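The values are calculated or read from the model by the stated rules, or taken from the named source; none is laboratory data. Remember, it's a predicted structure, so these values are computed and weren't measured experimentally. Cβ placement follows ideal geometry from the backbone for every residue including glycine, while neighbour counts extend to all protein chains displayed.
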Amino acid sequence: MKRARFDWVEVLIAAGVIAALAWRIQDWRYQEAAAFSSSGLEERASLQQAYGTAHASQSGEEWIIRDFFKDRRGGTFLDVGANDYKHDSNTYYLETSLGWHGVAIDAQPEFAEGYRQHRPQTLFFALFVSDVSDASADFFVPTSHPENASSRREVATIEHGGQVEQRRVPTVSLNDLLTRAHLDHVDFLNMDIELGEPKALAGFDLKRYKPALVCIEAHPAVRQDILDYFQQRDYVLVGKYLRMDTANLYFKPE
């Protein structure tokens with residue numbers, strides 16, 4: 001009986017040690033996350049100082065892209081999930097201020113007129129990007145936030161709420177799209193299609209077009225698929241931008 005009581009004492013002591021270690025680890029992680037966040041804010045502030053406070057992109061993406069290309073003029077882009085011609089656009093500045101040209105694609109034809117009027121150097125296609133062309137896919141558009149449409153009903157409903165309009169839209173692969181557009185080289189690939197990224201990448205010959213920089217939204221549900229895709233094709237993360245933008249990943253050729 002005495003030995004049993006002693007064993008319980010040992011168990012309680014061990015439990016206390018484990019709890020203390022768990023708390024300490026959590027504290028370390030908190031401090032690390034705080035330092036990580038603080039460092040990211042400092043780096044973003046540095047880019048803002050270099051490139052100005054204004055930007056068309058949703059957050060600081062425009063600063064990052066300009067920093068990578070050092071405000072290079074006359075490049076080409078492929079903007080997948082392009083949405084509005086200016087609002088939250090990662091390519092608006094490239095075209096209007098640096099003379100770039102390229103291709104924009106979005107499954108909502110409502111955005112076409114804006115590109116026609118304000119983005120003359122951009123070819124806009126109202127199609128749904130997938131791994132195959134000439135098929136059709138379901139597309140869900142929140143009526144209150146059409147700019148946040150998704151290929152998944154649950155994403156459009158959970159993230160944005162309200163009523164959701166279901167559409168059936170034609171598909172195209174990026175390889176076929178670029179052939180149609182007679183674009184044989186891409187300097188910058190931008191992709192933001194609400195969890196549809198892995199399927200879109202499956203229809204894109206990365207080694208053929210070899211963009212110098214890729215900016216791609218990476219939700220946790222598809223992040224590993226995206227990382228695997230680029231690793232298998234000898235692309236690496238641009239580490240200096242990880243702290244500045246937690247929504248997107250940036251890749252370049254190894």
**Asked** Can you tell which of Val155, Val141 is surrounded by 15 or more Cβ atoms within 10 Å (Cβ to Cβ), within 22 Å of Ser59 (Cβ to Cβ), β-branched (Val, Ile, Thr) and not assigned by TED's automatic domain parsing to the domain that holds Ala212?
**Response** Val155
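One line per residue, one yes/no per condition, for (1) part of a strand (DSSP E or B); (2) more than 15 Å from Asn190 (Cβ to Cβ); (3) of a type in the set (Phe, Trp, Tyr); (4) modelled with pLDDT of 95 or more:
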{"residue": "Ala45", "(1), (2), (3), (4)": "no, yes, no, no"}
{"residue": "Gln49", "(1), (2), (3), (4)": "no, yes, no, no"}
{"residue": "Ala54", "(1), (2), (3), (4)": "no, yes, no, no"}
{"residue": "Ser59", "(1), (2), (3), (4)": "no, no, no, no"}
{"residue": "Asp79", "(1), (2), (3), (4)": "yes, no, no, yes"}
{"residue": "Glu95", "(1), (2), (3), (4)": "no, no, no, yes"}
{"residue": "Phe111", "(1), (2), (3), (4)": "no, no, yes, yes"}
**Fill in**
Those residues of region 68-96 which are of a type in the set (Gly, Ala, Ser) and within 18 Å of the chain's Cα centre (by Cα) amount to Gly81, Ala82, Ser89
**Request:** Those residues that are out of contact with any Cys (no Cβ under 8 Å at 6 or more places or on another chain), aliphatic (A, V, I, L, M) and either crowded, with 20+ Cβ neighbours inside 10 Å or part of a helix (DSSP H, G or I) (or both), I need them from region 182-217; list them, please.
**Result:** Val186, Ile193, Ala200, Leu201, Ala202, Leu206, Leu213, Val214, Ile216
**Asked** Applying the selection to region 218-239, what residues are hydrophobic (A, V, I, L, M, F, W, C), surrounded by 15 or more Cβ atoms within 10 Å (Cβ to Cβ) and either out of contact with any Phe, Trp or Tyr (no Cβ under 8 Å at 6 or more places or on another chain) or not assigned by TED's automatic domain parsing to the domain that holds Arg72 (or both)?
**Response** Ala218, Val222, Ile226, Leu227
